[in-house]
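The values are calculated or read from the model by the stated rules, or taken from the named source; none is laboratory data. None of these values were measured; they are calculated from a predicted model. Ideal geometry is used to build each Cβ from the backbone, glycine not excepted, and the neighbour counts take in all protein chains shown. The area values use the complete protein model at the heavy-atom level, side chains included, leaving out ligands, DNA and RNA. Shrake-Rupley method; radii C 1.70, N 1.55, O 1.52, S 1.80 Å.
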Amino acid sequence: MDKQKSIEALQFFITNLNAQSFQHKLQAKIFGSMGYKKLEAKYLEHSEEEQGFVNQFIDRMLELGGELKQEAVSAQTLFQDPVEYLKADNKVSVEGIELLRKCIDGIKDDLTTFDMMKEYLKDEEKDMYWTEEQLGLIEVIGLKHWIIKTAI
């Protein structure tokens, strides 16, 4: 097992998932201020779920003897339009899942970290499918009906 490879992967996901989680929290608050209470609850829950993975990754990194870092990340766009947000979030999910799959392949000899990342991958896929489903619903039933059904 290459500990350093696992530590680097964990640090990468700690940094980026923490930023993504905070972005989901901010986006949830924006949606809530617009009256989209169901979307607010969905993305607050999603943010908390992601923080759970961040905490697991931090604990594992420290178990491996890694030196935890707080790294800077680029600013992320926040949206007023829920449909534009869903499209952007879906793009992030698709790209992130591909990156995660490559990462998992590189740490498969570290079974504990591999299992953690695999669980995170399953969660991300579930979230991506939900987002794709919402975008499909908007196309089928229209934005107004989707907002009434899903957002308010």
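What the table shows:
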item: Contour minus Cα-Cα distance for residue 79 and residue 133 (0.36 nm per residue); result: 17.5 nm
item: Accessible-area composition of the chain, carbon plus sulfur, in percent [1.4 Å probe]; result: 54 percent
item: Lys, Arg +1 and Asp, Glu -1 on Cβ, resulting dipole of the stretch 66-152 about Cα centre, debye, nearest 20; result: 280 debye
item: The stretch 8-61: relative contact order as a whole-number percent, Cα under 8 Å and 6+ apart; result: 50 percent
item: Those lysines that a straight Cα-Cα span of less than 19 Å connects to residue 87, excepting residues fewer than 8 apart in one chain; result: 25, 29, 38, 42, 126, 144, 149
item: Distance from the stretch 123-152 to the stretch 66-119 (C-alpha centre basis), Å; result: 21 Å
item: Only Lys, Arg (+1) and Asp, Glu (-1) charged, at Cβ; the chain dipole about Cα centre in debye; result: 480 debye
item: Solvent-accessible area per residue, Å², over the stretch 48-139 with all protein chains present [probe radius 1.4 Å]; result: 59 Å²
item: Ordering of 49-61, 74-86 by burial proxy (mean other Cβ atoms within 10 Å per residue, highest first); result: 49-61, 74-86
item: Rounded D (µm²/s) - the stretch 68-152, Kirkwood Rh over Cα pairs, Stokes-Einstein at 20 °C, 1.002 mPa s; result: 143 µm²/s
item: Computed magnitude of the charge dipole of the stretch 1-41 (debye, nearest 20; Cβ of K, R +1, Cβ of D, E -1); result: 200 debye
item: Extension gain (nm, one decimal) between residue 126 and residue 3, 0.36 nm per residue minus Cα-Cα; result: 41.4 nm
item: For the chain, projected area of the alpha-carbon convex hull averaged over all directions, nm²; result: 8.7 nm²
